[in-house]
Structures are given as C-alpha cells and as structure tokens.
Amino acid sequence: MLKQLEMAHWMLKDIIKTNDVVVDSTMGNGYDTQFLTELGANVYAFDVQEEALNATEKRLDDAGIKNQIFEKNLSKLLTEPSVNLVLSGHEKLSEYVKEPIKAAIFNLGYLPKTDKSVVTKADTTLTALDALTNQLVVGGRIAIMIYYGHEGGMEEKNAVIKWTSSLPQKDWEVTSYAPLNQIHTPPILVLIEKRK
Ligand code: SAH
C-alpha cells in the first residue's frame, strides 16, 4: 500500500503543471521542495529554521536545481520556474506569495534529528491554511501530513481536523488517509481540494 507521504505526492503530482505556483509550507530537509520543483512548478518553501534552508539549499544544489533565498523586498517577480526559500513562518505566506496557488503541502511536527522544541503549532498552522485556502485555485489541492506523536502534537492534530472538517462541502472536498491498526502514531494525511 502507499505510505501517507507517497499518497500525498501522488495527489499533488496528479494536478501540478509546469509553472504552477505551489507552496511547501514546512521545508524541513527540502524533500518536498525538491519533489515539487521537479514537477516544473514555481515553488515557495517556508521554514522558521535557518538549518532547514541550508539543508534544502544543499539538497537542491546537489540535484543541480537553481534556487534563491527569497528577499521580501525583491520587487521583480521571477519569470522562470523557480524555487524561493523563505526564512519565515508559513503563517505569513500571503506577504510573500501574491499569485493564485495550485497546491501546497505541510509536514507538521518537528524536523527529525534536530531540536524538538521547534514544532509547528495549531494557531499558526490554521492561519497558513486560511491564507492558502483563500488563494487556492479551483481544482487546487492541499496535502497535510499530520505527525502528532510529540508533545503538543495531539492538540494540533485535533485543531487541523476540526478546521478542515468544517470547510463547506459545496466548495471543498476534504478526505483523510491513515492506517487504522498501527500501535504507534503514524501520520494522518488530510487532503483538501477546492471544487468550485
Ligand atoms: N515530522 C515530519 C517533519 C516535519 S518538519 C517528519 O517526520 O518527516 C517540520 C518543519 O516545520 C521543521 O523544519 C520546522 O522548523 C518547521 N516549522 C515550524 N514552525 C513553522 C512555521 N510556523 N512555519 C514554517 N515552518 C515551520
């Protein structure tokens, strides 16, 4: 069976076309940033930790992908398919991304093998989801990988499930994909699609 992250990628790959504007809301080690870039999309990737930007830059460089650290005051919009690494919380994404958004992905929780005190939080995650849903195009999708085994994780999981479950059915399709018989806390994937 597909793992949750593979399923998330599959659902995004299904709709992303060259030059679409997409958001990696939690850059981490840049795995999703690279995946989105290789689909030919214009990627905005966010993280609050400099280590994440450095790790992602290295990953992209190693893969031969041109990228740039995005400066908010950079007035010219990039014209080529591009990757913008933004050292900022995803809750501020509308300050950086002005165009309609085709897709976004979240990997909630903490960056594996690093400081577990830097974790995504319910209120900022919901602010980002609110901004994303406002900018999402019809047919656009958001994939949220909810890791919740850490302290505070359950609260964020509950908040995200409550918020996404209350999106009006006439405009939004909201689905989840998660194993039901595992003893640990495997991630839950929530998928949102704007239907009209
Ligand atoms: N749990 C996942 C990885 C999550 S990485 C796994 O196991 O694969 C989550 C990333 O989100 C971290 O790099 C962290 O620095 C980042 N992050 C935390 N708060 C954020 C925020 N407000 N905006 C953007 N990124 C944030």
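Computed from the coordinates by the stated procedures, all read-outs in this text should not be read as laboratory data. Here the structure is a predicted model, which is why all the values come from computation and not from measurement. All Cβ positions, even for glycine, are placed from backbone atoms using ideal geometry, and neighbour counts span all protein chains on display.
Roughly what would the spin-label model give for Trp10 and Asn54, points 7 Å off Cα along C-beta, in nm?
It is 3.7 nm.
For Lys58, which lysines qualify as cross-link partners when the Cα separation must be under 21 Å and same-chain residues fewer than eight apart are set aside?
Lys66, Lys113
With the cut-off at 19 Å, tell me which of the pairs Lys121/Lys162; Lys162/Lys196; Lys92/Lys116; Lys121/Lys157 have Cα atoms farther apart than that. All intermediate terms of the calculation are to be shown ahead of the outcome.
Values: Lys121/Lys162 14 Å; Lys162/Lys196 21 Å; Lys92/Lys116 22 Å; Lys121/Lys157 10 Å.
Distance filter (> 19 Å) returns Lys162/Lys196; Lys92/Lys116.
Under 20 Å from the 7 Å Cα→Cβ point of Ser165, by amide nitrogen: which residues of the stretch 178-193?
Only 178-182, 185-193 fall inside the zone, counting backbone N under 20 Å.
Gaussian network model of the chain, Cα springs within a sub-10 Å range: biggest mean-square fluctuation belongs to which of Ala52, Ala63, Ala159?
Per the Cα network of the chain with a 10 Å cutoff, Ala63 tops the list.
Taking 35 Å as R0, compute the FRET efficiency from the Cβ-Cβ separation of Leu180 and Asp123 and round it to 0.05.
Values: r = 29 Å, r/R0 = 0.82.
After rounding, the FRET efficiency stands at 0.75.
Given the options Gly28, Gly152, Gly89, state which has the largest fluctuation in a GNM of the chain using a 10 Å cut-off (strictly under) for Cα springs.
Among Gly28, Gly152, Gly89, the largest mean-square fluctuation in the Gaussian network model of the chain belongs to Gly152.
Could you line up His150, His90, His184 from fewest to most neighbouring Cβ atoms inside 10 Å?
Values: His150 14, His90 27, His184 6.
Final ranking by Cβ density, sparse to dense: His184, His150, His90.
Which whole-number value in Å³ per residue fits the convex hull of the alpha carbons of the stretch 86-196?
104
Grab every C-alpha pair in the chain, bin the distances at 5 angstrom width from 0 up to the longest one, and report whole percents.
1, 8, 17, 21, 23, 16, 9, 4, 1, 0, 0
Using the 10 angstrom Cβ neighbour count as an exposure proxy, how do Lys170, Lys13 rank, fewest first?
Values: Lys170 7, Lys13 13.
Listing Lys170, Lys13 from fewest to most nearby Cβ atoms yields Lys170, Lys13.
Step through the residues of the stretch 179-185 one at a time and calculate ³J(HN,Hα) from phi using the Karplus curve (6.51 cos²θ - 1.76 cosθ + 1.60, θ = phi - 60°), rounding each to whole Hz and writing x for Gly and Pro.
Using θ = phi - 60°, the values come out as x, 10, 10, 9, 6, 8, 10 Hz.
Give the lysines reachable from Lys17 as a straight Cα distance under 16 Å; neighbours fewer than 8 places away on the same chain don't count.
The qualifying lysines are Lys102.
For every helix of n ≥ 4 consecutive DSSP H residues, a contribution of -39,500 (n - 2.57) applies; sum these over the chain, divide by its total residues, and give [θ] at 222 nm rounded to the nearest 500 deg cm²/dmol.
Result for the chain, helices only: -9000 deg cm²/dmol.
What's the extension gain from Lys196 to Glu173 if we count 0.36 nm per residue and subtract their Cα-Cα distance?
Working: separation 23, 0.36 × 23 = 8.28 nm, distance 0.99 nm.
7.3 nm is the gain from fully extending Lys196 to Glu173.
Let me see the P(r) profile for the stretch 11-55: every Cα-Cα distance counted, bins of 5 Å, each bin given as a percent of all pairs.
Pairs per bin, as whole percents: 5, 26, 31, 20, 12, 6, 1.
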